[in-house]
Amino acid sequence: MKRVFLFILLILGTLTVSAEVRRGDIEVSVLTCSPGQEVYSYYGHTAIRVKDRNMGTDLVFNYGVFDFNSENFLWRFVLGQTDYICMATPWEYFTVEYEKRGSSVVAQVLNLTEAETMNVRDYLYNNVRKENCVYRYNFLKNNCTTKVMDCVDACVEGELVYSWVSEPCTYRGILREYTKDYPWSQEGNDVLLGADVDTTLSHRATCFIPEYYMNALQGAVVRNEFQDTRRLVLRNDTLIKARHSIVQVEETFPFSPIEIGWGMFGVALLLIGVELLCRKMMWVMDVILMLVHGLAGCLICFLFCFSEHPALDSNWLVGILNPLPLVLLPFVVKAAWKDTFTLWHYFMAVWMALYLLFIPWMPQQMGSLVVPVLATLLSRQVSYILHYGRKTSPTTATGKSRKKTAKKK
């Protein structure tokens, strides 16, 4: 009897060891890549790695792949109809780009049960199938990070409780955090994105950014039906170290948007003084300003009306950036050529003054260029009003009548 009991213990021990080996054969980890210097890499990247020691495979499942050569790619990108692809890449190929860029790659090895590991593997293998690999990309709500988060949520058995460490914030606040060293990119975001990115986000919504998801994952626990918990992250491995001391931020333009904006306003004020002294309007420059104003308005208005990109259809700048200057340009040129009065300048002055006045109460945070550029455009209308107002003033009219009387005599 004693021998039978020892034999049963030996069998159970062997099965336990075999189960542990099987569980350890596949290692699943979430990869977080630190931000780079290219526009597409400002916010970092997330992927998920499945290392199968039994099969001898080490694959990275990457939801951030797109085909630039696909039909009408640029047009579809502008319309917000870009499709991304989930692709499985060998680990050694995946690391080449990040080693060259100097970005770090941190692996959070997940503490999964054997069943959960199989769930993740099957989920990812199903996602890379030809009929399932394409998805409609949305930078704020359906990107490489949110897709990995969806995978983990779907495959963990039990209640997954994340550790939220971020303070309440907005999409715009997060985007500005990651573009603080790239002022022109930040200005582009602020001009294009509307009021929807200024609403306070839920903690989960902030995880469209890789590092935010990494922080939430770090303290996450899985709770079963008996309220027992286990940490989801088994350990952190830094697979590639960052080389920030070597890779420096390169400024491609020496002046910031706010410097350019207020510089333009200073030139406009100087121009008013010159025009008052010379009693002549430099209207050719205003034609150029109206062309630029109208073309920028066409872009903003088109994106506002037709693009599927998030938050573009809530852009309050469409009130001041629209094609109207192009429509009225011929009338302004005709009036300037004949040096005659036009109501356009009064209309523009009132319109821009009201817009500037109400900016503090708008639900949208404006970029640093908006106020100085509007002030510049407003100053041009003021210059025309002063010029034509002086031409039609009683003093000027009396002077002209005296000259005519003197000629008759």
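Among the residues of the range 106-121, those that are closer than 24 Å to S34 by Cβ and polar (S, T, N, Q) comprise Q108, N111. Of all residues in the range 83-95, none are without any contact (Cβ under 8 Å) to a residue 60 or more places away in the chain and out of contact with any strand residue (DSSP E or B) (no Cβ under 9 Å at 6 or more places or on another chain).
The set of residues from the range 63-122 being under 19 Å from S29 (Cα atoms) and among the basic types (K, R) comprises just one member, R121. Does N69 meet the test of being part of a loop (DSSP other than H, G, I, E, B) and over 25 Å from the mean Cα position of the chain (by Cα)? It is false that N69 is part of a loop (DSSP other than H, G, I, E, B) and over 25 Å from the mean Cα position of the chain (by Cα). Surrounded by 20 or more Cβ atoms within 10 Å (Cβ to Cβ) and among the β-branched types (V, I, T): is that true of T113 in this structure? Here the answer is no, as T113 does not meet what is asked.
Quick check on my filter: what residues within the range 208-229 are part of a strand (DSSP E or B), touching a Ser or Thr at 6+ places or on another chain (Cβ under 9 Å) and not aliphatic (A, V, I, L, M)?
Going through the range 208-229, the residues part of a strand (DSSP E or B) turn out to be 221-223, 229.
When the remaining residues are screened for being touching a Ser or Thr at 6+ places or on another chain (Cβ under 9 Å), the result is 221-223.
The answer is R223, and nothing else.
Restricting L193, L112, L175 to residues that are within 28 Å of K241 (Cα to Cα) and within 19 Å of the chain's Cα centre (by Cα) narrows the list to L175. The residues of the range 309-336 that are touching a residue at least 40 places away in the same chain (Cβ under 8 Å) and part of a helix (DSSP H, G or I), listed by number, are L312, D313, S314, W316, L317, L329, V332, V333, A336. Within the option set L321, L312, being within 16 Å of V370 (Cα to Cα) and buried (at least 18 other Cβ atoms within 10 Å of the Cβ) holds for one residue only, L321.
Take M87 and tell me if it is at pLDDT below 90 and either in contact with a helix residue (DSSP H, G or I) (Cβ under 9 Å, 6 or more places away or on another chain) or not basic (K, R) (or both).
In short, no.
Of V96, V106, all but one fail to be of a type outside the set (D, E), modelled with pLDDT of 90 or more and not in a loop (DSSP other than H, G, I, E, B); the exception is V106.
Among the residues of the range 353-363, is any touching a helix residue (DSSP H, G or I) at 6+ places or on another chain (Cβ under 8 Å), part of a loop (DSSP other than H, G, I, E, B) and not basic (K, R)? Yes, the range 353-363 contains a residue that is touching a helix residue (DSSP H, G or I) at 6+ places or on another chain (Cβ under 8 Å), part of a loop (DSSP other than H, G, I, E, B) and not basic (K, R). With respect to (1) free of Cβ contacts under 8 Å to residues at least 60 places away in the same chain; (2) within 16 Å of L239 (Cβ to Cβ), the lone exception for V109 is condition (1).
Against the test of being buried (at least 20 other Cβ atoms within 10 Å of the Cβ) and of a type in the set (D, E, K, R), the options R121, R172 yield a single qualifying residue, R172.
The values are calculated or read from the model by the stated rules, or taken from the named source; none is laboratory data. All values reported here derive from a predicted model rather than from experimental measurement. Because the Cβ atoms are built from the backbone with ideal geometry, glycine has one as well, and the counts that use them run over all protein chains shown.
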